[in-house]
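The values are calculated or read from the model by the stated rules, or taken from the named source; none is laboratory data. A quick note: this is a predicted structure, and the numbers were derived from the prediction, not measured. Note that we place each Cβ from the backbone using ideal geometry, even for glycine, and neighbour counts take in every protein chain shown.
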2 protein chains.
Amino acid sequence: MERLEVRELVYFTAVAEELHFGRAAARLGMAQPPLSRAIRQLERRLGVALLERGSRRVALTEAGAVLLRESRTVLDAASAAARRTRRAGRADPRLVLVIKPGGDGGLLPAILDAYQAEPGALPVELVCSFGEREILLREGRADAALLHRPHHDLTGLDTQDLLTETQLLVMPSSHRLAGRTRVCLNDLAEEPLPRWPGASEGGSPGPEVHDLGQLLHLIALRRMVAVLPSSIRGQLRDDLVAVPVDDAEPTTLVLAWPERATSPALAAFVRAAAAVAGKATGHGG
Amino acid sequence: MERLEVRELVYFTAVAEELHFGRAAARLGMAQPPLSRAIRQLERRLGVALLERGSRRVALTEAGAVLLRESRTVLDAASAAARRTRRAGRADPRLVLVIKPGGDGGLLPAILDAYQAEPGALPVELVCSFGEREILLREGRADAALLHRPHHDLTGLDTQDLLTETQLLVMPSSHRLAGRTRVCLNDLAEEPLPRWPGASEGGSPGPEVHDLGQLLHLIALRRMVAVLPSSIRGQLRDDLVAVPVDDAEPTTLVLAWPERATSPALAAFVRAAAAVAGKATGHGG
DNA sequence: TCTTTCCATACCCGCACGGTATCGCTGCCT
DNA sequence: AGGCAGCGATACCGTGCGGGTATGGAAAGA
């Protein structure tokens, strides 16, 4: 069985993305001929044509498209492997948890307390990040993350549900909907909604938002409104009001971590979080 | 950013599994010194100790254990990439579906018919296999599989639920429990259950079973009994009887495929299967 | 202390990867 | 139509690195 090398996949990915050997070679910091040769060699070893070379343009074959996608997962896995190994080897072991400030549903202090009570608990390093938090997990930069379903893509991650919440429309008290006791999504058709960093373009207009304070400030300034989990209630400024959105899908706060993770520290953390969440819902929250 | 090479991961995996440089080198078909050097080099580039070398034994460090696990996922991804690319490049495009004979809940013919009615449907190649069917998906040998939850490990796979069934105890008509109208798991404590190929050792005694006919034959011979989904009813020999197991968890037949698969042919197949399953449950099955 | 075991070091060699120069094809412009 | 420009393929060359052999050195057992 011929073995695929990482170097070849990097080369192929560059060519497949640029669809141009010259530019790809430049991007890789090498000359064009060895790149051409490497790709040809890869095709020979796989016994499959990956690129259609017209004299003026290069196109992916069906197999090439498959390999491009597969290559990305292999390369992602490889760099995640390096990062996770390096982190595991650090002298100061710690658990890196990535959160969105204000996005913890109020459970985080209790979870941290419960975790510290576990035997062999490590110090927890909190990383605050907006958009694309799940990518930090996939890249091996973090051990676990607090995410929201269905908002985030959870494929490739294991999860533990923590808290399911209805959603509220948050707006300035002077807003046309502020008097309502409930709204539905149709009422928001024309409203400017926040654009989270990394979200797909064009979906929602309005300025890009990077943290919760900024978001609430912009809402108070009547630049936008937002639909947020109901645990946001405790953090609202008094010039804002929130009313339930009847037909907005409930959002679930989940603790997520990379599949097949085995660290006992992470397992203990998941246990602690599950216990806290179970207690919270058990009490009727 | 230093890049991890597949060759290095293969080497490291061998050493980490053997915990012995000489044996690992033999397994790799190379001499020991270059292997030692490669591992040292890997450690230098990662800046992390992976192995503790006692003069008489080699042990994994914490970071080494992490890298061993990560390496396996990278190497699996790499060989799956090669296989999927090769399959995508074949001149005769087809969809490879892996099933367990008798394990399709009777839905398969309807699904295949519905799929062939889709535009651009490919020929479907059926592969029959017992134990570890999901591994064929992860290895890139198949496009989709019919699996049972919670029996199979579905991490890393996307799924579509098809059919949820209660489970039956299947036994010879002369069995001591054959007169019962229902049983529970406690009744089976001493019974020999089949050992599926690849299943963990020691859990269930009894001979290893490779296909459904063999299994039913062994049951008729009083060598064992088995707990199977209720759709097995239609395929029982008349010297066997089946009664419901009250406290056996219901089993769900799912269609599974590799995460992030993009083939339109696969998408059409999933659509067809979902439609058939919806119709079946809609009719009250 | 002598032996055995096993990883590390020293040294050498061949090849495969990368660079430079050039060819050849093809579409485009005049 | 002919010349040109863009771009990938081919030819050829040098060198760095991966792999082999021989040997060292530390530790455990007899």
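Note on the range B:115-140: among residues that are within 14 Å of chain A (Cβ to nearest Cβ) and in contact with a Lys or Arg (Cβ under 6 Å, 6 or more places away or on another chain), the one that is farthest from B:ARG72 (Cα to Cα) is B:LEU122.
Among residues of the range A:45-59 that are within 16 Å of A:ARG23 (Cβ to Cβ), those with a beta-carbon under 9 Å from a residue that is β-branched (Val, Ile, Thr) at least six positions away or on a different chain give the pairs A:LEU51/A:VAL15; A:LEU51/A:ILE39; A:LEU51/A:VAL58; A:LEU51/A:THR61; A:VAL58/A:VAL15. Against the conditions (1) exposed (fewer than 15 other Cβ atoms within 10 Å of the Cβ); (2) within 13 Å of DNA strand C (Cβ to nearest atom); (3) closer than 24 Å to B:ARG84 by Cβ, A:GLY47 satisfies every one except (2). Six or more apart or on different chains, Cβ under 9 Å: which pairs go from a residue in the range B:26-38 that's of a type in the set (D, E, K, R) to one that's in a helix (DSSP H, G or I) and more than 7 Å from DNA strand D (Cβ to nearest atom)? Could you list them? Filtered contacts from the range B:26-38: B:ARG27/B:ALA14; B:ARG27/B:GLU17; B:ARG27/B:GLU18. Residues that are within 12 Å of chain B (Cβ to nearest Cβ), more than 30 Å from the chain's Cα centre (by Cα) and either within 11 Å of DNA strand C (Cβ to nearest atom) or surrounded by fewer than 18 Cβ atoms within 10 Å (Cβ to Cβ) (or both) within the range A:1-44 comprise A:MET1, A:GLU2, A:ARG3, A:LEU42, listed in sequence order. Could you go through the range A:66-76 and let me know if any residue there is touching a residue at least 60 places away in the same chain (Cβ under 8 Å) and either among the polar types (S, T, N, Q) or touching a His at 6+ places or on another chain (Cβ under 7 Å) (or both). Yes; the residues of the range A:66-76 include at least one that is touching a residue at least 60 places away in the same chain (Cβ under 8 Å) and either among the polar types (S, T, N, Q) or touching a His at 6+ places or on another chain (Cβ under 7 Å) (or both).
In the range A:147-197, what count of residues is obtained for those that are of a type in the set (D, E, K, R) and at pLDDT 85 or above?
Step one: list which residues in the range A:147-197 are of a type in the set (D, E, K, R), which gives A:149, A:153, A:158, A:161, A:165, A:176, A:180, A:182, A:187, A:190-191, A:195.
If we keep only those that are at pLDDT 85 or above as well, we get A:149, A:153, A:158, A:161, A:165, A:176, A:180, A:182.
Residues flagged as of a type in the set (D, E, K, R) and at pLDDT 85 or above within the range A:147-197 amount to 8.
Listed conditions (1) of a type in the set (A, V, I, L, M); (2) within 14 Å of chain A (Cβ to nearest Cβ); (3) in contact (Cβ under 8 Å) with a residue 12 or more places away in the chain are all met by B:ALA91, apart from (3).
For the range B:135-166, which residues satisfy the criterion of being over 11 Å from B:LEU255 (Cα atoms) and within 11 Å of the chain's Cα centre (by Cα)? Let's see the steps before the verdict.
Start the filter on the range B:135-166 by keeping residues that are over 11 Å from B:LEU255 (Cα atoms), which leaves B:135-142, B:150-153, B:155-156, B:164-166.
Within the range B:135-166, B:ILE135, B:LEU136, B:LEU137, B:ARG138, B:GLU139, B:HIS151, B:HIS152, B:ASP153, B:THR155 qualify.
Say whether the condition of being over 30 Å from A:LEU46 (Cα atoms) and not basic (Lys, Arg) is met by at least one residue in the range B:70-78. No. Scan the range A:52-61 and give yes if some residue there is crowded, with 21+ Cβ neighbours inside 10 Å, touching a Gly at 6+ places or on another chain (Cβ under 8 Å) and either facing chain B (nearest Cβ under 10 Å) or closer than 24 Å to B:ALA261 by Cα (or both), otherwise no. No, the range A:52-61 contains no residue that is crowded, with 21+ Cβ neighbours inside 10 Å, touching a Gly at 6+ places or on another chain (Cβ under 8 Å) and either facing chain B (nearest Cβ under 10 Å) or closer than 24 Å to B:ALA261 by Cα (or both). Of all residues in the range A:113-126, those that are loosely packed, with under 13 Cβ neighbours inside 10 Å have Cβ atoms under 7 Å from Cβ atoms of residues that are among the basic types (Lys, Arg), 6 or more apart or on another chain, in A:PRO123/A:ARG94. The strands (runs of 3 or more DSSP E) falling completely within the range A:3-103 that include 3 or more residues that are in contact with a strand residue (DSSP E or B) (Cβ under 8 Å, 6 or more places away or on another chain) map to A:58-60, A:95-99.
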